[in-house]
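K.L.:
Mind having a look at this structure? Questions to follow.
The values are calculated or read from the model by the stated rules, or taken from the named source; none is laboratory data. In this text, all values refer to a predicted model and were calculated from it rather than measured experimentally. Here the Cβ positions follow ideal geometry from the backbone for every residue, glycine too, while neighbour counts run over all protein chains shown.
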Amino acid sequence: MLLVSVMSARAQGQLKNSGKHVGELVPSGWEHMEATGDLNKDGITDLIVSATPNNKAHMRVREDGYVYNFNQPIFGIYFGTRNGAYKCWKQYNHFMPALGSENELLDCSVSITRQGTISISVGRMYSAGGSDHSTDTYVFRYQNGGFFLIGKDEDSYSRMSGQRAFVSYNYLTGKKQTVKNNVFDESVKPVEKWTRMKKSPLMRMEDMSL
């Protein structure tokens with residue numbers, strides 16, 4: 001369908017530095033998702049937020065009214081304080097994935113586990129130009145004054161053949177699990193393989209782009 005530009009650009013803006021709830025942190029009109037939990041093990045609830053600006057210069061609307069938002073989401077980590085407010089620890093402007101085209105379907109979620117780790121899931125599928133569906137899940141832990149990637153799962157399958165590949169990386173133990181099967185044919189026996197990975201320093205969140 002013909003795409004029509006939404007006029008009138010707006011400054012991208014930033015998340016607020018502090019607030020007592022997510023409504024005080026995210027600018028009005030931004031789509032967002034959030035999760036709470038104890039990230040730094042101090043017994044106080046912390047907050048993570050992924051918010052997508054509504055800068056109209058990076059938005060498109062179809063003739064049927066559907067809006068594509070190509071703005072880069074902003075990811076914020078907030079540590080809780082004794083007075084009940086959340087204080088920004090760091091914002092990441094180029095960390096979360098942004099919608100890349102009208103044919104891409106992007107599904108992201110964020111959560112904080114019971115162990116206090118950040119889990120971010122990124123699902124991608126294309127309505128044209130590809131038949132694969134993939135979901136990558138990243139796990140980060142707060143240690144040594146920063147958030148480090150300690151695990152990653154890659155799960156993908158073909159919508160045409162049903163062939164699936166699941167790969168799980170544990171960067172703390174150095175173990176890699178690979179499972180291959182067919183989501184359409186249960187008679188195909190899954191094949192599982194475990195291997196050792198080369199030891200390397202853990203990656204910091206600020207050095208990554210999902």
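K.L.:
Pick from segment 37-85 the residues that are within 20 Å of PHE140 (Cα to Cα) and hydroxyl-bearing (Ser, Thr, Tyr): which of them is surrounded by the fewest Cβ atoms within 10 Å (Cβ to Cβ)?
P.N.:
For segment 37-85, the residue satisfying everything is THR45.
K.L.:
Which residue is nearest to TYR142 (Cα to Cα), if the candidates are limited to segment 15-36 and must be assigned to a strand (DSSP E or B), under 17 Å from the mean Cα position of the chain (by Cα) and of a type outside the set (A, V, I, L, M)? If you could, list the steps in order and put the result at the bottom.
P.N.:
At the first step, the residues of segment 15-36 found to be assigned to a strand (DSSP E or B) are 18-19, 31-36.
After this cut, where a residue has to be under 17 Å from the mean Cα position of the chain (by Cα) as well, the list is 31-36.
Right, trim to of a type outside the set (A, V, I, L, M) and you get 31-32, 34, 36.
Values: GLU31: 26, HIS32: 23, GLU34: 18, THR36: 14 Å.
In this case the residue turns out to be THR36.
K.L.:
In segment 164-185, what residues are β-branched (Val, Ile, Thr), within 16 Å of ARG196 (Cα to Cα) and not in a strand (DSSP E or B)?
P.N.:
Hit for segment 164-185 is THR173, nothing else.
K.L.:
Taking LEU202, is it surrounded by 14 or more Cβ atoms within 10 Å (Cβ to Cβ), free of Cβ contacts under 8 Å to residues at least 60 places away in the same chain and closer than 23 Å to TRP89 by Cα?
P.N.:
yes
K.L.:
Just the residues that are at pLDDT 95 or above and either surrounded by 16 or more Cβ atoms within 10 Å (Cβ to Cβ) or in contact with a strand residue (DSSP E or B) (Cβ under 8 Å, 6 or more places away or on another chain) (or both), please, taken from segment 125-147.
P.N.:
SER134, THR135, ASP136, THR137, TYR138, VAL139, PHE140, ARG141, TYR142, GLY146, PHE147
K.L.:
Which one of these is loosely packed, with under 15 Cβ neighbours inside 10 Å, without any contact (Cβ under 8 Å) to a residue 12 or more places away in the chain and not assigned by TED's automatic domain parsing to the domain that holds VAL61: VAL183, VAL188?
P.N.:
VAL188
K.L.:
Looking for whichever is at pLDDT 95 or above, under 16 Å from the mean Cα position of the chain (by Cα) and not charged (D, E, K, R) here; the options are THR81, THR52. Which one fits? Reasoning before the result, please.
P.N.:
On the way: THR81 fails: under 16 Å from the mean Cα position of the chain (by Cα).
After applying the criteria, what remains is THR52.
K.L.:
Please go through segment 71-121 and give me each residue that is charged (D, E, K, R) and out of contact with any helix residue (DSSP H, G or I) (no Cβ under 9 Å at 6 or more places or on another chain), ordered by number.
P.N.:
ARG82, LYS87, GLU102, GLU104, ASP107, ARG114 - these are the residues of segment 71-121 that are charged (D, E, K, R) and out of contact with any helix residue (DSSP H, G or I) (no Cβ under 9 Å at 6 or more places or on another chain).
K.L.:
Being touching a residue at least 24 places away in the same chain (Cβ under 8 Å), touching a Cys at 6+ places or on another chain (Cβ under 9 Å) and aromatic (Phe, Trp, Tyr) narrows it down to one residue among TYR78, TYR86, TYR92, TYR68; which is it? Outline the logic, then answer.
P.N.:
Numbers: TYR86 fails: touching a Cys at 6+ places or on another chain (Cβ under 9 Å); TYR92 fails: touching a Cys at 6+ places or on another chain (Cβ under 9 Å); TYR68 fails: touching a Cys at 6+ places or on another chain (Cβ under 9 Å).
Going through TYR78, TYR86, TYR92, TYR68 in turn, the sole match is TYR78.
K.L.:
While we're here: Identify the single condition in (1) more than 20 Å from ILE112 (Cα to Cα); (2) surrounded by 14 or more Cβ atoms within 10 Å (Cβ to Cβ) that GLU34 does not satisfy, given that it satisfies every other one.
P.N.:
(1)
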